[in-house]
Amino acid sequence: MKALIALNAIGFEYFLFMESKDAVHKKYGINERECFILRVISQSHIRSQKMRVSDVLALKDFASPATLHGIVKSLIKKGNLSVLPDAVDGRVKYLEPTPLTLKMYKEMTKNFMKIGRGS
């Protein structure tokens, strides 16, 4: 992050944030595709909207259903997503971020706020 500090002075905080975001993702072992899926699921969760596995598999503009399924399985294995069955129909499964994922986003938010303040 030190290499881009001079950019902060001239209004390029975006690059500092992206570098910080990439470092946090690396720390948590999250790749770019996983990052996107986690963001979609976490945003739904924060808005109190349930995200079904089938909703994620429907993101066909991002990747094939098979690739999306692999990403979801990887995120579950890493401890970033929880799978919850529907109370009425056990065939329906919901995805939600785990405390580990929320911790990662809090760390990114903290870094973003520091960058925004010029710290």
remark   = Once phi for every residue in the stretch 32-42 is put through the Karplus expression 6.51 cos²θ - 1.76 cosθ + 1.60 (θ = phi - 60°), the whole-Hz ³J(HN,Hα) values, with Gly and Pro written as x, are 4, 5, 5, 4, 4, 5, 4, 5, 4, 5, 5
Choice from Tyr28, Tyr14, Tyr105 with maximal GNM fluctuation in the chain (Cα, 10 Å cutoff) = Tyr14
inquiry  = Can you compute 3J(HN,Hα) from phi for each residue in the stretch 88-104, using the Karplus curve 6.51 cos²θ - 1.76 cosθ + 1.60 with θ = phi - 60°, rounded to whole Hz and x for Gly and Pro?
reply    = 9, 10, x, 6, 7, 10, 10, 10, 8, x, 8, x, 4, 5, 5, 4, 4
request  = State, to one decimal in nm, how far the label point of Val40 lies from the label point of Leu84, with both points 7 Å from Cα in the Cβ direction.
outcome  = 2.0 nm
key: Eligible lysines near Lys93 by straight Cα distance, threshold 24 Å, same-chain separation 8 or greater   = Lys50, Lys60, Lys73, Lys77, Lys78, Lys103
query = Given [x] 54, 26, 22; [y] 54, 39, 30; [z] 92, 27, 23 as candidate values of Cα extents along the principal axes in Å, which corresponds to the one derived from the coordinates?
reply = [x]
ask   = Tell me, what is the per residue accessible area of the chain in Å², probe radius 1.4 Å?
value = 65 Å²
task = Could you tell me how many degrees, from 0 to 90 and to the nearest 10, lie between the Cα long axis of helix 65-78 and the main elongation axis, the longest principal axis, of the Cα atoms of the chain?
result = 70 degrees
query = For the stretch 63-105, which whole-number percentage of the solvent-accessible area (1.4 Å probe, protein heavy atoms only) is attributable to carbon and sulfur atoms?
reply = 63 percent
task = Work out the FRET efficiency for Glu19 and Phe62 from their Cβ-Cβ distance, taking R0 = 22 Å, and round it to the nearest 0.05.
result = 0.40
request  = Report the FRET efficiency, 1/(1 + (r/R0)^6), for Arg91 and Glu32, where r is their Cβ-Cβ distance and R0 is 30 Å, rounded to 0.05.
outcome  = 0.45
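The values are calculated or read from the model by the stated rules, or taken from the named source; none is laboratory data. Please read these numbers as outputs of a predicted model, since none were measured by experiment. Using ideal geometry, Cβ is built from the backbone for each residue, glycine included, and neighbour counts are taken over all protein chains shown. Protein only, heavy atoms only, side chains kept; ligands, DNA and RNA dropped before computing areas. Shrake-Rupley method; radii C 1.70, N 1.55, O 1.52, S 1.80 Å.
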